[in-house]
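The values are calculated or read from the model by the stated rules, or taken from the named source; none is laboratory data. On a predicted model such as this, the values are computed, not experimentally measured, just so you know. Reconstructed Cβ throughout: ideal geometry from the backbone, glycine too, with neighbour counts over all protein chains shown.
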Amino acid sequence: MGTIVQKYGGTSVASSEHIERVARRVMRRRAAGDDVVVVVSAMGKETDRLVALAAEVDGPDSAANRREMDVLLSTGEQVTIAMLAMTLNKFGCPACSYTGGQVAIVTDDAHTKARILRIDSERMRCDLNAGRVVVVAGFQGRNEAGDITTFGRGGSDTTAVALASALKADECEIYTDVEGVFTTDPRMVEGARCLPAVTFEEMLELASLGSRVLHTRSVELASKYQMPLRVRSSFDDAPGTLITSEEKIRMAGMEQPTISGIALTRDEAKLTVRGVRDIPGVASHILGPISDANIEVDMIVQNVSADGSTDFTFTVSRPDYELAMKLLKNVAKDIEASEVTGDNKIAKLSLVGVGMRSHAGVASRMFRALAEESINIQMISTSEIKISVVIDEKYLELAARTLHSSFALDQEPG
């Protein structure tokens, strides 16, 4: 007998029929001899509806009302936990539902983006020992003062991993509307394949580069506590994708390919400050106002010419492009730059794989494949297990298909 934590997202609990399907899956796992804790999100688009309601009286980003936003948003998950527990009880499977605060998920005071400080698992253990399924509201906890807090994007995934770690569970299963983690976006590349396993490192890169299967925060937490994750579909019985340490993947006899996946990001924009004096502190002068405006900078390239001037280029999320351009034009006057240019029709494509550590020539193979399709590379960024390039957005799908084929990602490793 083991302990399993299962998390079901909004699409998996979108209706009473969906909730019944989830209940039957939970019962099958319990019948196999495991203790089961279930974490659920709000039904379907319920959170969006609540945000829209708040906007009718006071914008959801209002600092004065962030505490009240948490009170409001937490109600979506409370509906789901009650309905799932009621359904399980109807089917003869003892269950009890709890809010995040009731199972003592204690957080800091950062309303709408709280971080977990500690979890008291005693109440859950008592229920499990009594033979009950524990159903917990994702996305929420309480601070030291007893106020409701929420975790922001990916909050239910974070709740599931945190509970699994606190309970020392055997595995945390993340159920969603896709079969698992794919080599790339299957809507874009016909031969995209569901991966049997990826490492924590690879999943962190894929999540940070735009893969929407898991949020970076939950993967970071799983990696910290070495909690195996499994991404599965709530609509079939496919084994899904195991996310664990590189060592455990090797121990299981699975061969790690050179490249595990290709991450794609469309909503990118590029800005360049030309003719900047190459002196200490210039990067701080350029990026300081960008940071102060809470705009996240991704890739950065600085080129120095023979006359001592430099061109400074960086990328931001496309929705931040107009504001970043406005700020840069003001900065350009102060640092006596010659001009500011931009392009909000770019995309980023990244190869990710721990196999890069032991295989040379990945970058040259990537660049050659793109060159053969006349796809120009505008920027390059690398790490130990990642190579990212910025290209014209209109070539993104062609580039993805080309590299997917070039690295044989449609074939099983070995």
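Observations on the model:
- No other residue among GLU268, GLU202 is buried (at least 21 other Cβ atoms within 10 Å of the Cβ), under 29 Å from GLY138 (Cβ atoms) and under 25 Å from the mean Cα position of the chain (by Cα) apart from GLU202.
- Check on ALA283, over 13 Å from the mean Cα position of the chain (by Cα) and either closer than 23 Å to ALA347 by Cα or surrounded by 14 or more Cβ atoms within 10 Å (Cβ to Cβ) (or both): yes
- Consider the range 12-28 and keep the residues that are of a type outside the set (A, V, I, L, M) and crowded, with 18+ Cβ neighbours inside 10 Å. The one that is nearest to THR159 (Cα to Cα) is SER12.
- Among residues of the range 350-393, those that are under 30 Å from ILE249 (Cα atoms) and of a type in the set (Asp, Glu), counted: 1
- Test set (1) crowded, with 24+ Cβ neighbours inside 10 Å; (2) touching a Phe, Trp or Tyr at 6+ places or on another chain (Cβ under 8 Å); (3) not basic (Lys, Arg) - ASP177 fails condition number: (1)
- Look at the range 135-157: where a residue is closer than 16 Å to VAL5 by Cβ and a partner is crowded, with 24+ Cβ neighbours inside 10 Å and among the acidic types (Asp, Glu), sitting 6+ places away or on another chain with Cβ atoms under 6 Å, you get ALA137/GLU77; GLY138/GLU77; PHE139/GLU77.
- Within the range 200-212, the set of residues being among the hydrophobic types (A, V, I, L, M, F, W, C) and either in a strand (DSSP E or B) or out of contact with any His (no Cβ under 8 Å at 6 or more places or on another chain) (or both) comprises PHE200, MET203, LEU204, LEU206, LEU209.
- Elements of type strands (runs of 3 or more DSSP E) in the range 127-199, at least 2 residues being assigned by TED's automatic domain parsing to the domain that holds ALA85: 133-137, 140-142, 148-150, 171-176
- Meets criteria (surrounded by 19 or more Cβ atoms within 10 Å (Cβ to Cβ) and without any contact (Cβ under 8 Å) to a residue 40 or more places away in the chain) for LEU327: yes
- Within the range 89-117, the set of residues being over 22 Å from the mean Cα position of the chain (by Cα) and either assigned to a strand (DSSP E or B) or crowded, with 20+ Cβ neighbours inside 10 Å (or both) comprises ALA95, CYS96, SER97, TYR98, VAL103, VAL106.
- Only one entry of GLU339, GLU372, GLU384 meets the criterion of being within 23 Å of the chain's Cα centre (by Cα) and surrounded by fewer than 13 Cβ atoms within 10 Å (Cβ to Cβ), and that entry is GLU384.
- Residue match in the range 204-218 (condition: assigned by TED's automatic domain parsing to the domain that holds ARG21, basic (Lys, Arg), in contact (Cβ under 8 Å) with a residue 40 or more places away in the chain and out of contact with any Pro (no Cβ under 9 Å at 6 or more places or on another chain)): no
- Test: residue in the range 52-70 that is in contact (Cβ under 8 Å) with a residue 60 or more places away in the chain and over 24 Å from the mean Cα position of the chain (by Cα): yes
- So VAL71, is it in the same structural domain as SER12 (by TED's automatic domain parsing) and not in a loop (DSSP other than H, G, I, E, B): yes
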